[in-house]
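Scroll down for the structure; my scribbles are underneath it.
What follows draws every value from the coordinates through simple rules; no lab data is involved. Remember, it's a predicted structure, so these values are computed and weren't measured experimentally. Here Cβ is always computed from backbone atoms with ideal geometry, including for glycine, and neighbour counts include all displayed protein chains.
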Amino acid sequence: MTDDELVRFLQTRDAPYCLRCLVHAFPDFNVRSHVDAVKASGAPIVMGDGRCAMCQQHTTVVAWVPGDPDLARLMRR
């Protein structure tokens, strides 16, 4: 897995995912550090409380939301 695969995964899914599920899906690198770096570079990534689309737990989730004015919509799913 490469860093770009994580970015592509988030870009192609209109749903939030928890860090734990992303770490399991992308075990070869530090997901949190990568997400923080991509977000700091200006990518439309949001992190906050929400329900993960994979495990359905309410926890800290990550979502890619380009051009979406209602960011809370993704966090409530």
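For the reader, a short list of remarks on this structure follows.
- Legend: ranking of residues Leu19, Leu10 from fewest to most surrounding C-beta atoms inside 10 Å; resulting order Leu19, Leu10.
- Normalised contact order of region 3-76, rounded percent, pairs of Cα under 8 Å and 6 or more residues apart: 36
- Ordering of 48-55, 25-32 by burial proxy (mean other Cβ atoms within 10 Å per residue, highest first): 48-55, 25-32
- Gyration tensor (alpha-carbon) shape descriptor, region 3-76, a/c threshold 1.5: oblate
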